[in-house]
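**Q** Pasting in a structure now, in C-alpha cells, and then I'll have a few things to ask.
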Amino acid sequence: MRFVLLKGLSQYGSLRLHVDQLAQALIEAGHEAVIADMAADDRQQQLNAALQPAPHCLFGFSGVGADLRGEAGTIYDVLGVVYASIYVDHPVHHIARIQTPIRRNVCFFLDRSHIPFVNAIGAGANFSQLGFLPPGANALPEPPDLSDETFARRDIPLMFTGTYRGAPSAYWREWPEGASKVLAESLVARMTADARLPLLDGLRATLRDVGAELSRDLLVALMPQLTLAQSYAEAYHRDALIHRLGQAGLPLHLWGAGWEGLAERYPSFVYGGVGSFAETLHTLRRARVVLNINNGFVAGGHERVFTAMCAGAAVFSDANRYYEEAFKEGREIVTFPWPKLANAPDLLGDLVEDQARAAGVARAGTRRAMAEHRWSDRAQRLVKAVKASLP
C-alpha cells in the first residue's frame with residue numbers, strides 16, 4: 001500500500017518525530033510511505049508530488065490535513081482515498097477537524113473515553129472507522145543495554161519532559177452568578193479530585209446534581225466551557241504533583257518550556273532547558289526513572305510512557321485504566337492513584353533510591369514496550385484499518 005504522511009507543526013517536534021518513525025515502520029513492513037511537510041514553504045509542491053501516483057491513504061496526526069479541499073470538495077473524496085488520523089489530545093480541542101465530513105475517514109484516539117465523547121456530539125457518523133490506538137514509542141535504532149552495570153551508570157535519577165503551564169486560573173470566578181458559573185465550578189471540582197474521570201462523565205454527573213440531563217444540543221452549546229474545564233484539569237494535575245515533588249526534595253531533572261521559576265524555587269530541581277523531542281531520545285538513555293503525568297488521559301496512553309520504556313528507564317505515573325491493563329503494576333510500571341496524591345512523593349522517592357528495584361522495573365517495562373508498543377505495532381493496526389475502509 002502507498003501512504004502519504006502529512007507532517008505539521010508540533011511543540012518540541014514530537015508529532016513530527018512521530019511521522020518520521022511511523023513512516024519508517026510502514027516502509028519496514030513493506031509499504032511505501034512518503035512524507036509531505038505541511039509546515040514547509042513549498043508545502044503545496046511537496047503535496048502535489050506526493051500525490052503522484054495517488055496513494056491509498058493520507059495520514060495526519062490530530063487531524064492535520066483533514067481540511068484540505070479543492071474546487072470539487074475534499075481532496076480525499078475527489079481522489080477516492082482514505083484519510084486517517086490519530087488524535088493525541090482530547091477531542092474537545094479539535095472539534096472543527098473532527099466534524100469535517102470525509103467519506104473514507106479512519107480516526108483513532110489515544111484514550112478510550114474520547115470515543116463516547118465524539119459519538120455524543122454526533123461526529124461519529126463522520127468516520128468509516130473510529131477506534132482506540134495510542135501512539136507508539138519513539139526510539140533510537142539500537143535497543144538499550146539493560147544490564148545492571150549500564151543502568152548504574154545512568155546519571156539522571158529522575159526525569160520529566162513537558163511544558164509547565166503554571167497554576168491554572170479559576171476562570172469562572174469573574175463570571176456573573178448563575179447556572180454557568182455553578183456548572184463550571186462543580187465540573188472542575190470533580191475533574192481535579194479524580195484524574196481518572198472522563199470529561200463527559202463529569203459533565204453528566206454535574207448536570208444530574210441540578211436535575212438536568214445531557215442532550216446533544218446542550219453538549220454542543222457547552223463546548224467552549226468544556227474546553228476550559230479540560231484545560232484546567234490538565235494543568236491542575238501537573239502543577240499539583242510537581243509542587244509535591246519539589247516540597248519533598250526529589251531530584252527531578254526537567255526539560256521543556258516554563259520550568260525556570262520552579263527550578264529556582266526548589267533546590268532539588270535541575271532544569272535542562274527546552275530541548276527537542278529528538279534530543280530527548282538520547283537524554284532518556286541517561287535516566288533511571290522517568291515521571292509521567294497523564295495529560296487528561298483517563299483510559300489511554302501517552303507516548304512518554306512507551307518512549308521512556310524503550311529507552312530502558314523505569315516509569316512512574318499517576319494511574320489510569322489503560323496502564324492497569326497494558327502493564328503489570330509494580331513490575332513493569334509503578335503508579336499511584338490520584339486520590340492518594342500525598343503518598344506519591346514517598347512512592348517515587350523509594351523507587352528512585354532503590355536502584356536495583358528501578359533496574360528491574362526498567363527491564364520488564366522495556367521488554368513489554370519493545371514487544372507491544374512500538375510504531376511497528378501501530379503501523380500494523382493502521383494498515384488493517386485502512387484496508388477495511390478501501391472499496
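**Q** Being farther than 16 Å from Pro116 by Cα, hydroxyl-bearing (Ser, Thr, Tyr) and over 21 Å from the mean Cα position of the chain (by Cα) is the filter here; which residues of segment 202-250 pass it?
**A** Thr206
**Q** Suppose we filter Val64, Val88, Val81 for residues that are over 27 Å from Glu279 (Cα atoms), surrounded by 18 or more Cβ atoms within 10 Å (Cβ to Cβ) and of a type outside the set (Gly, Ala, Ser); which single one remains?
**A** On the way: Val64 fails: over 27 Å from Glu279 (Cα atoms); Val88 fails: over 27 Å from Glu279 (Cα atoms).
Val81 is the lone residue from the list that is over 27 Å from Glu279 (Cα atoms), surrounded by 18 or more Cβ atoms within 10 Å (Cβ to Cβ) and of a type outside the set (Gly, Ala, Ser).
**Q** Which of the helices (runs of 4 or more DSSP H) found entirely inside segment 309-380 contain at least 3 residues meeting this: closer than 18 Å to Arg288 by Cα?
**A** Here the list reads 344-353, 355-372.
**Q** Scan segment 278-313 for residues that are among the small types (Gly, Ala, Ser) and under 10 Å from the mean Cα position of the chain (by Cα) and jot them down. Can you show your working first?
**A** Residues of segment 278-313 among the small types (Gly, Ala, Ser): 278, 287, 296, 299-301, 308, 311-313.
Hits for segment 278-313 are Gly296, Gly300, Gly301.
**Q** Also, quick follow-up: Name the residue that is farthest from Pro135 (Cα to Cα), counting only residues in segment 35-69 that are in a strand (DSSP E or B) and out of contact with any Leu (no Cβ under 7 Å at 6 or more places or on another chain).
**A** From segment 35-69, those in a strand (DSSP E or B) are 35-37, 57-60, 69; that's our starting set.
This time we only want the ones that are out of contact with any Leu (no Cβ under 7 Å at 6 or more places or on another chain), so: 37, 57, 69.
Values: Asp37: 20, Cys57: 18, Arg69: 27 Å.
Ranking the candidates gives Arg69 first.
**Q** Taking the conditions exactly as written (touching a residue at least 12 places away in the same chain (Cβ under 8 Å), touching a helix residue (DSSP H, G or I) at 6+ places or on another chain (Cβ under 9 Å) and surrounded by fewer than 18 Cβ atoms within 10 Å (Cβ to Cβ)), does Glu372 satisfy them or not? Write out each step before concluding.
**A** Details: touching a residue at least 12 places away in the same chain (Cβ under 8 Å): yes; touching a helix residue (DSSP H, G or I) at 6+ places or on another chain (Cβ under 9 Å): yes; surrounded by fewer than 18 Cβ atoms within 10 Å (Cβ to Cβ): yes.
Taking the combined requirement at face value, the residue satisfies it.
**Q** Checking Ala248 against (1) crowded, with 16+ Cβ neighbours inside 10 Å; (2) touching a residue at least 24 places away in the same chain (Cβ under 8 Å), which test does it fail?
**A** (1)
**Q** Pull out all pairs, ordered by first then second residue, where Cβ-Cβ is under 9 Å, the residues are six or more apart or on different chains, the first lies in segment 262-277 and is assigned by TED's automatic domain parsing to the domain that holds Val352 and part of a helix (DSSP H, G or I), and the second is hydrophobic (A, V, I, L, M, F, W, C) and surrounded by 17 or more Cβ atoms within 10 Å (Cβ to Cβ).
**A** What qualifies is Leu262/Ile242; Leu262/Leu254; Leu262/Phe269; Ala263/Leu254; Ala263/Phe269; Ala263/Val270; Phe277/Leu15; Phe277/Leu17.
Here is a yes/no grid of residues against (1) β-branched (Val, Ile, Thr); (2) surrounded by fewer than 19 Cβ atoms within 10 Å (Cβ to Cβ):
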{"residue": "Tyr271", "(1), (2)": "no, yes"}
{"residue": "Val289", "(1), (2)": "yes, no"}
{"residue": "Met309", "(1), (2)": "no, no"}
{"residue": "Asp318", "(1), (2)": "no, no"}
{"residue": "Glu325", "(1), (2)": "no, yes"}
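**Q** Moving to a separate point now. Please find, within segment 1-23, the residue that is surrounded by the fewest Cβ atoms within 10 Å (Cβ to Cβ) out of those that are aliphatic (A, V, I, L, M) and touching a strand residue (DSSP E or B) at 6+ places or on another chain (Cβ under 9 Å).
**A** Met1
**Q** Turning to a different aspect of this structure: If you take the residues of segment 24-61 that are without any contact (Cβ under 8 Å) to a residue 60 or more places away in the chain, aliphatic (A, V, I, L, M) and more than 21 Å from Arg104 (Cα to Cα), which of them is surrounded by the most Cβ atoms within 10 Å (Cβ to Cβ)?
**A** Only one residue fits best here, namely Met38.
**Q** If you don't mind, there's one more thing I want to ask. Can you pull out the residues in segment 128-162 that are among the charged types (D, E, K, R) and surrounded by fewer than 19 Cβ atoms within 10 Å (Cβ to Cβ)? Break it down into steps so the answer makes sense when it comes.
**A** Narrowing segment 128-162 to residues among the charged types (D, E, K, R): 142, 145, 148-149, 153-155.
Selection gives Glu142, Asp145, Asp148, Glu149, Arg153, Asp155.
The values are calculated or read from the model by the stated rules, or taken from the named source; none is laboratory data. Worth saying up front: this structure is predicted, and the values here are computed from it rather than measured. Glycine also receives a Cβ, built like all others from the backbone with ideal geometry; neighbour counts cover every protein chain displayed.
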